[in-house]
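First up is the structure itself, then whatever we jot down about it.
The values are calculated or read from the model by the stated rules, or taken from the named source; none is laboratory data. Bear in mind that the values here come from a model prediction, so they are computed numbers and not experimental data. For neighbour counting, all protein chains shown are included, and Cβ atoms are generated from backbone atoms with ideal geometry for every residue, glycine included.
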Amino acid sequence: MMPYIGIERRCMMRLILLLLVTIFLRQTIIAQAPAFQTRYYTTENGLPSNGIKGIEWDETTGFLWFGTEAGVVRFNGIDFKTFNKENTPFIGSERIAFVIRNNKGSIYATDLMGNVLKVDKNKLVFDRTTPLKDGVVEPALYGLIVSNEFLNYKIRYPGTESYPVFFAQILVLSDTSMLVFGQQQVRLVSMTNPRPAPLDFGGKTIKTGFRMGDTVFVVSEDDRIFRADVTSKTLKTVQIHGDEGSREFNSKGARFFWENGYKNPIVINKNIAWRLISKGNDVIAEEICNIVPENVLIRYVQYSEEKKILFIGTDSRGLIVISRNRVETIKKKQSDKNAKNSFYSQIELPENIVLTNEGDIMGRQEKPQPTRPVNGRLSHNIYTTEDSLLWFSREIASGNYHCLYCYSYKTHQTVGYPKIETGDNFGLISLAGKVYVTTEKGLGFLQHDSLYYLTTTAPEKRISAIVFDMIESSPGILSYASCNGLINYNISTGSTDTLLSLPGYCIRSLWKYGDYLFIGTYGKGYYVYSKGKLKPMPLDKNNFLLYTHCFVPDNYGGCWISTNRGLFRASLTDMIHAYENDAANVYYHYIGRNDGMEITEMNGGCTPCALQMKNETISFPTMDGLVWVQPKLFIPALPDGDIFIDEILADNKKINPDSLAARKFPSRTQEIVLRLGFSGWSNKENLYLEYQLNDTVNWKPINIDNDAALHLYNLGSGDYKLRIRKLNGFGKNNYSYQELDFGIHTPWYRETWFFVLIAISVIGAAMLYFRIRTTQYLIRQRKLEQQVFEKTKELQQKNAILEKNDTIKTRLISIISHDIITPLKFLTVAGKNLLQKKELMSDALQQETISEITNTSQELQLLSTNILNWIKYQNENRRLAKETFNVREMVDQVLSILRSLARQKNLLVENEVDTSLQVYQFYEPLKILVYNLLTNAIHFTEKGSIVITASKSNGDITISVKDDGIGMTAEQIQSLLADQVVITSVNVDNKKGHGLGYLIIKDLVKTMGASLDIESKKEAGTTVKVKMPASKNGTS
């Protein structure tokens, strides 16, 4: 496209001067980093011992096995696992004799105690023990390198070898035979030839040999190589040619390494290692590396053809691992301290040379100065349109601002557009004959020497309107990335639309792949937009992709993504699948320092963010030089291989993983640790380990930064299914899985039987409680019933007593009204007559009247006394106390009252109670009782005597009152002793009495706990006996 306006003459002169100076100052600057990396492993970074005693590489599992003087070591590229006496009980000695592979591919190790250990995938297992011979390992053990059958044969028939087999090289021919190189001789040892003699190859002195396929090669003492026919003992000279790109092969002074399992022998000469390959009749030497250390004694060599890694076991310098870099670092050879080493945009020049935005020309090797399209510093954004035009911006000669420039590859002329002000970053695209340009000020198209703006940015938003990239996202739609978001402009309608806005974050790269628009941001990862759907994409496990610089496709289905922390390669198929299916993971293969990058901070925010060269090399700018990668030759170190469980710890107690399926952990297990084994020859960033625990949907990551271990804390009781998976690289569902079933014992207090027991206990307790409560209620009911019964009985008794008392009281009233009032009336009338009619009355009549008055008064006295005594002892609240007293003295007190009454009737009253008789009883009640007995006896006796006696027997005392009175019939006695006593005025033979005395007597007998007995006959007197307790031990 031809510009319409040129640059002012003054500006042009300054620019030409600047370009001339730059041409002289700038040269092709090349400093290619080494193509290999060497890593040394010693006791300072993981090895248990620096002396290597045999080394074997297992391509199937990705483990390197080697012996040391401190045990057998397994190396997975990240961590060393040492098998020693502490963790492997069948190791007798940690000093390992050798590590070998037999003809069937099995790897064995032997310690100095004769224990043979076999490698079983990720672990060692015990194979056998052979007895020591003269205190050292049985020499026949070298037969293990052939086969177990050969070993058994050599142990059974040891032979008489006179050569030191442990220091010889062994070349296995079959399961039953081998060649032994040693002492400049070759011997064929087989099960049919137990005592071999040296083989004669035409007088040639043979120092070593190797095998490729079924062909045996030997090396003579003068370093010549021959094909050997063991049967005919003939040799044929072999010429070895270096492959294309390798240095010339030189066998002079070279060391040849071959062991069982080698597909191709390894040859080391000084610092160069080759791999010999048989192609028909030719042998090709393929160079492995050129940085083999020359200052170490190499004992053993292994090579991984798949991973392109060389392993070197040294005599005392530990393990050396050499791998090829997968990327190249291109740096300045000599740098001016004032010059920048970080680069952004690039332009490809002929001869695979790159011109950077700083004006530096860089490549793999120094070449003649190429023709520069542009001299001097360029902008961060550079665009090439289909009409062979190169667009860029740079500061104008006056230095006030940047403007747009255009270089034509056809005319080799540069034209400036000083009216179009840009910054280091801008967007540009050519569509339908128009050049559209986006700057901080807005979007427009080139019209003559100016920019015709279609949209403009407000001045206050221009500071965040930096444009990093612009593409045609769909026909007629311009999309440009800026810190204000991803803006779409419709050319036909002139409308704008913000597809994605991330306040505080810039959108810096756009890439269209079919129907999918990839959007890279600085700080928010990357997005994919297709058919109206915008989705954030899964990130890498370290979130390095939060700062996605750009997307660069290759011709092999890959997409390269640069970030602030390294470079990634992903499968485009995987990325699209993740978008369409909302997958949670995408395998992003990380490339970093272990792959040849000297600095992992890559640059973005420029166009092109990475340069795709014509030879398919992709050149990425970094903060210190360029990183080149060749997709066609790129062989990633994928994290493939199986995953193993090395060790299980339950609260620091080791559990055998093989027996775990049949056992459960204790119920109080707080921590379960599963140490994992896997091949880790890839970067740690590429190892994605996840697990599920009783979950079939969600996967949780396993952190492998410190150690490859899964920690499970405080699991509840029950059965568990643990699934562990490792992402093996590109592809859908490309995982290795490991499953483990285990359980946690249910605590006894959560066992079913315990709940049943608790339920039974609760039910039993409830039943017991119910029964107890029922029993209590029944007892209480019975008590209440008893109490009610007793109260009822008591009430009945009291009611009976009340009725009885009421009857008695009624009768008493009758007695009082008749037997007391009537005598009192008589006394009144008799007294008045004596006073008023004394003169009219004769002396006899007066004497009779006085006698009647006396008798009536005595009867009233006795009646009143009985009534008062009865009333007195009817009070239940009256408190009585027993006491000890003399019975005779008590009777004498009663007789002192009644003797006068007895004398009036001329009765003899005798007290025959023993003077020493003591009784413990109620004194007052007994006195009244005796009083009433004597009163009744006097009352019903007209002549004769009354005798009072007392006797004591078995703690009881019996008081008897015997009279010579009128006596009683049996019916009368029964009536007196009955509970219901009818008090009458005439009781016995019309003899005046009230029955009140016997009522008092019975009440007092009850009070004292005594018994009453009456013996009487009509006209024969009466004997009344009262028997009562007389001592403190008696009951009352």
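Of all residue pairs spaced 6 or more apart or on separate chains, those with beta-carbon atoms under 9 Å, a first member in the stretch 829-843 that is over 17 Å from residue 856 (Cβ atoms) and a second member that is of a type in the set (Ser, Thr, Tyr) are 841/849.
Of all residues in the stretch 421-435, which are crowded, with 21+ Cβ neighbours inside 10 Å and more than 60 Å from the chain's Cα centre (by Cα)? Residue satisfying the conditions is 435 alone. Residue pairs whose Cβ atoms lie under 8 Å apart, sitting 6 or more positions apart in sequence or on different chains, and linking a residue in the stretch 896-910 that is within 18 Å of residue 928 (Cβ to Cβ) to a partner that is surrounded by fewer than 18 Cβ atoms within 10 Å (Cβ to Cβ) and at pLDDT below 85, are 901/858; 909/899.
Screening the stretch 438-489 for strands (runs of 3 or more DSSP E) wholly inside it with 1 or more residues that are under 54 Å from the mean Cα position of the chain (by Cα) and without any contact (Cβ under 8 Å) to a residue 40 or more places away in the chain returns the ranges 467-474, 477-482.
Of everything listed in (1) part of a strand (DSSP E or B); (2) free of Cβ contacts under 8 Å to residues at least 40 places away in the same chain, the single unmet condition for residue 952 is (2). Of the residues making up the stretch 254-265, those that are assigned to a loop (DSSP other than H, G, I, E, B) and in contact with a strand residue (DSSP E or B) (Cβ under 6 Å, 6 or more places away or on another chain) are 254, 258, 260, 261, 264, 265.
Looking at residue 400, is it touching a residue at least 60 places away in the same chain (Cβ under 8 Å) and of a type outside the set (D, E, K, R)? So residue 400 fails the test. Considering 922, 940, which residue is of a type in the set (Phe, Trp, Tyr) and farther than 16 Å from residue 1002 by Cα? Among 922, 940, only 940 is of a type in the set (Phe, Trp, Tyr) and farther than 16 Å from residue 1002 by Cα.
The C-beta contact set for the stretch 491-506 (first residue more than 15 Å from residue 472 (Cα to Cα), second residue among the basic types (Lys, Arg), distance under 8 angstrom, 6+ apart or interchain) comprises 502/524; 505/524. Evaluating residue 318 against the criteria (1) under 22 Å from residue 225 (Cα atoms); (2) crowded, with 21+ Cβ neighbours inside 10 Å leaves one unmet condition, (1).
Of 94, 86, all but one fail to be over 24 Å from residue 308 (Cα atoms) and either out of contact with any strand residue (DSSP E or B) (no Cβ under 7 Å at 6 or more places or on another chain) or surrounded by fewer than 17 Cβ atoms within 10 Å (Cβ to Cβ) (or both); the exception is 86.
Residue pairs whose Cβ atoms lie under 8 Å apart, separated by 6 or more positions or on different chains, with the first residue in the stretch 406-423 and more than 23 Å from residue 467 (Cα to Cα) and the second among the aromatic types (Phe, Trp, Tyr) and modelled with pLDDT of 90 or more, are 413/407; 414/405; 414/407. The one condition from (1) surrounded by 13 or more Cβ atoms within 10 Å (Cβ to Cβ); (2) within 30 Å of residue 1031 (Cβ to Cβ); (3) at pLDDT below 75 that residue 923 does not meet is (3). The set of residues in the stretch 685-714 that are outside any strand (DSSP E or B), among the aliphatic types (A, V, I, L, M) and surrounded by fewer than 18 Cβ atoms within 10 Å (Cβ to Cβ) contains only 697. If the condition is being on the phi < 0 side of the Ramachandran plot and within 52 Å of the chain's Cα centre (by Cα), then the stretch 251-273 contributes 257, 258, 259, 260, 262, 263, 264, 265, 266, 273. Looking across the stretch 229-253 at every residue that is β-branched (Val, Ile, Thr) and either in contact with a strand residue (DSSP E or B) (Cβ under 8 Å, 6 or more places away or on another chain) or surrounded by 15 or more Cβ atoms within 10 Å (Cβ to Cβ) (or both), the one that is farthest from residue 173 (Cα to Cα) is identified as 240. All told, residue 574 falls short of being assigned to a loop (DSSP other than H, G, I, E, B) and either within 19 Å of residue 735 (Cβ to Cβ) or not assigned by TED's automatic domain parsing to the domain that holds residue 698 (or both).
The criterion of at least 1 residues that are touching a residue at least 12 places away in the same chain (Cβ under 8 Å), touching a strand residue (DSSP E or B) at 6+ places or on another chain (Cβ under 6 Å) and not aromatic (Phe, Trp, Tyr) is met by the following strands (runs of 3 or more DSSP E) wholly inside the stretch 602-656: 618-621, 626-629, 643-650. For the stretch 141-178, a residue qualifies if it is part of a loop (DSSP other than H, G, I, E, B) and modelled with pLDDT of 80 or more, and the qualifying residues are 146, 147, 173, 174, 175, 176.
Inspection of the stretch 319-342 finds a residue satisfying the criterion of being touching a residue at least 60 places away in the same chain (Cβ under 8 Å), closer than 30 Å to residue 417 by Cα and under 57 Å from the mean Cα position of the chain (by Cα). Is it true that residue 746 is polar (S, T, N, Q) and under 50 Å from the mean Cα position of the chain (by Cα)? Taking the combined requirement at face value, the residue satisfies it.
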